[in-house]
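The values are calculated or read from the model by the stated rules, or taken from the named source; none is laboratory data. The model shown is predicted, which means the values in this text are computed figures rather than measured ones. Here Cβ is always computed from backbone atoms with ideal geometry, including for glycine, and neighbour counts include all displayed protein chains. Note: areas computed on protein heavy atoms with side chains; ligands, DNA, RNA excluded. Shrake-Rupley method; radii C 1.70, N 1.55, O 1.52, S 1.80 Å.
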Amino acid sequence: METTSVTAISWPASAFIAAIITFTACYLLWKVTRNKRLIDQIPGYVDWPLIGDSLHLPPDLEEMRKLLIAETEKVRDEGLFKLKILEMPWIFIFSDRNAEKLLSSNKHIEKSSEYYPLYPWLGRGLLTSSGDAWRARRHMLTPSFHFSILKDFLEPINDHAGLLVEKLRREHCDTGEQFDIFNPITLSTLDIICSTAMGVDIGALDSGDSEYIKALFVIKKATAIRTRNPLNAFDFYYNNTKAGRECNKSIKIVHDFAYKVIREKRSLKEEGVSQGKRRPFLNLLLNCRDEHGNPLTDKEIREEVDTFMFEGHDTTASAISFTIFLLGAHQGIQKRCQAELDEIIGSSLSISNADLSKMTYLDWCIKEALRIFPTVPFFGRDLCEEMAFGDYTVPKGTAVFLFSMSLHRDPAVFPEPEKFDPTRFSPENCLKRSPFAYVPFSAGPRNCIGQKFAMMELKVILAKMLTAFNIESVVKQADLRVEGALVLQPCDGIKIKLTSRNVY
Ligand code: HEM
């Protein structure tokens with residue numbers, strides 16, 4: 001009987017394998033030490049092995065924002081700052097030249113893992129996807145945000161803004177009492193995005209107690225809290241916590257709701273039933289085709305609808321509320337806005353596109369509010385190859401964040417950065433600075449696809465409120481506490497008083 005013998009590897013082969021192993025080990029060692037050296041050169045704290053900068057990090061997000069503003073100010077000329085979370089470096093950039101380098105790149109479009117808490121809810125929609133998948137999706141969705149489509153959304157936005165003003169008039173105007181405007185604004189922007197994204201009226205401002213709305217609020221809160229404990233980054237751990245289980249239950253409610261609406265709209269489309277002029281984004285998504293002519297699946301449409309729901313209401317609510325706050329704290333600027341609006345819209349109930357294009361001063365006020373309180377205070381990329389920022393090189397794979405809160409406060413570009421001065425946005429003043437010195441909607445290939453929609457909504461709601469009421473902010477600008485990871489928010493709401501203007 002034949003036996004199989006194990007032949008020993010010949011010595012040249014063993015030498016070859018040993019050489020490869022040695023070479024790989026040396027290369028990895030060299031790379032680790034080189035990357036470490038490059039990271040160590042970047043301005044930041046002197047970190048401790050393993051725990052990094054953990055000893056410097058405050059427990060809450062408001063203090064964290066203050067700390068980052070103070071630290072980045074100390075190294076303003078360098079334009080970048082490093083924080084080490086355990087052994088993981090996070091690089092914050094905050095000069096216009098560094099912003100231009102990162103944002104205008106067509107290569108560095110990988111979203112940083114900062115968005116991981118959103119994956120179970122949004123899947124890999126436009127906001128969270130990367131690479132070719134993102135490119136294809138962006139190409140398909142861009143036409144849905146064209147002006148010719150957006151103009152049809154003006155009517156539902158006008159309607160919901162009108163409902164908001166009526167509710168405020170009934171419940172808060174001329175009572176002499178302060179109240180938090182952030183909450184009704186959030187409910188109103190939620191109504192607007194539900195109606196424009198899905199074509200569904202959920203009546204959030206009226207009652208706010210549907211199962212869908214409650215689930216949405218649970219997810220938003222859980223998502224914000226999830227990042228506070230590094231252990232929560234592990235799905236297996238998080239899914240077995242109480243918060244994780246509650247969040248997943250709510251995600252299922254929100255997904256089921258979106259699937260139901262998608263199926264209804266799809267069958268109406270297949271039956272050829274006319275759905276009127278008001279066509280929500282969802283109807284446009286049903287018609288989208290990739291380069292091979294394939295339509296989006298229900299799951300892909302759901303990911304985009306959920307993305308619009310997330311990006312499309314907390315952001316606008318934050319921007320509107322902070323603009324109201326600043327106008328309420330600067331009565332002279334508010335009066336100038338009101339004078340402009342009285343001339344443009346007068347007593348008309350509906351604001352047209354032509355009206356919007358004439359609201360120049362309101363436009364400057366919104367932009368200045370987004371400078372001081374950028375809705376998305378930082379947004380990040382994972383570098384797909386190493387990149388030089390001035391004298392510093394950041395290794396491949398590192399998370400780099402554009403910290404707009406600090407970029408927008410560069411005193412060389414915006415003197416007296418804390419001062420609310422809308423004239424900074426006059427055309428002649430804008431020409432004096434780099435377009436990358438001010439990026440509330442980001443810039444370059446991954447900029448905000450909803451920017452025009454957002455500006456339309458902001459202007460309509462603010463114009464209606466300023467025409468109806470005089471606004472007084474209760475808290476001083478220097479005392480307003482704000483926090484934010486994904487979207488900037490006031491810690492204690494925005495307290496204001498309203499009096500009627502009675503101009504008509
Ligand atoms: C004041 C309101 C808004 C602000 C300040 C804002 C800001 C931003 C910023 C800074 C980004 C880039 C984020 C990043 O790179 O990680 C972004 C992306 C995005 N925004 Fe907005 N946004 C606003 C409103 C909206 C609205 C109303 C929608 C949808 C209806 C929307 C949809 C999106 C989407 C889908 C992306 C991802 C785009 C991509 O990666 O291709 N946003 N937004």
Exercise for the section: Can you tell me which of 352-359, 17-24, 247-254 comes out highest on packing, and rank the rest after it, using the mean Cβ neighbours within 10 Å? Expected result: 247-254, 352-359, 17-24
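Enumerate the helices in the chain for which the Kyte-Doolittle hydropathy averages 0.0 or more and the C-alpha atoms extend at least 15 Å along the helix's axis, using complete DSSP H runs.
Working: long enough: 11-41 (44 Å, 0.51); 61-74 (20 Å, -0.53); 131-141 (16 Å, -1.11); 154-171 (26 Å, -0.55); 182-193 (16 Å, 1.09); 211-226 (22 Å, 0.50); 242-270 (42 Å, -0.91); 298-311 (19 Å, -0.99); 314-329 (22 Å, 1.25); 331-345 (20 Å, -0.55); 360-372 (18 Å, 0.20); 451-468 (26 Å, 0.81).
For the chain, where a helix must reach 15 Å along its axis and average at least 0.0, the hits are 11-41, 182-193, 211-226, 314-329, 360-372, 451-468.
Count charges around E87 for me, please; just the other residues with Cβ under 14 Å from its Cβ, Lys/Arg as +1, Asp/Glu as -1.
Working: positive: K36, K82, K84; negative: D40, D47, D53.
Surrounding charge for E87 is 0.
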Fill in the blank from the handout: FRET efficiency (T22, F234; Cβ distance; R0 41 Å; to 0.05) is 0.75
Exercise for the section: Determine which residues of the stretch 74-89 fall in the zone a paramagnetic label at S54 would reach in this model, i.e. backbone nitrogen under 18 Å from the point 7 Å along Cα→Cβ. Expected result: 83-89
Handout entry: With every protein chain in place, the chain: carbon and sulfur % of accessible area (1.4 Å)
Key = 58 percent
Handout entry: Calculated [θ] (222 nm, deg cm²/dmol) that DSSP helices of n ≥ 4 give over the chain, each run adding -39,500 (n - 2.57)
Key = -15500 deg cm²/dmol
Problem - Solvent-accessible heavy-atom area per residue, rounded to whole Å², over the chain at 1.4 Å - result: 47 Å²
Problem - Cα pair distances of the stretch 54-500 binned at 20 Å [whole percent] - result: 24, 59, 17, 0
Practice task
Please identify which residues in the stretch 186-202 have an amide N closer than 20 Å to a label point set 7 Å out from the Cα of E166, following the Cα→Cβ vector.
Solution key: 186-196, 200-202
Fill in the blank from the handout: Listed by chain and number, the lysines with an alpha carbon less than 16 angstrom from that of K107, same-chain partners under 8 positions apart left out, are K396
Handout entry: Virtual spin-label span in nm between K452 and C491, 7 Å along Cα→Cβ
Key = 4.0 nm
Practice task
May I ask for log10 I(q)/I(0) of the stretch 442-504 at q = 0.23, 0.25 Å⁻¹, from a Debye sum over the Cα atoms as equal point scatterers with solvent left out?
Solution key: -1.07, -1.09
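Note down the relative contact order for the stretch 307-444 as a percent, whole number, built from C-alpha pairs under 8 angstrom at least six residues apart. Could the numbers behind the result be given before it?
On the way: 130 pairs, mean separation 31.0, N = 138.
Across the stretch 307-444, relative contact order equals 22 percent.
With an 8 Å cut-off on Cα pairs and a minimum separation of 6 or more residues, tell me the relative contact order of the chain in percent. Write down the numbers at each step before the final one.
Numbers: 679 pairs, mean separation 121.7, N = 504.
Relative contact order here is 24 percent.
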Handout entry: Sequence-distant lysines (8 or more away, or on other chains) whose Cα lies within less than 28 Å of K265
Key = K151, K214, K220, K249, K252, K277, K299, K452
Handout entry: Average projection area in nm² (convex hull over Cα atoms of the stretch 174-270, one quarter of hull surface)
Key = 8.9 nm²
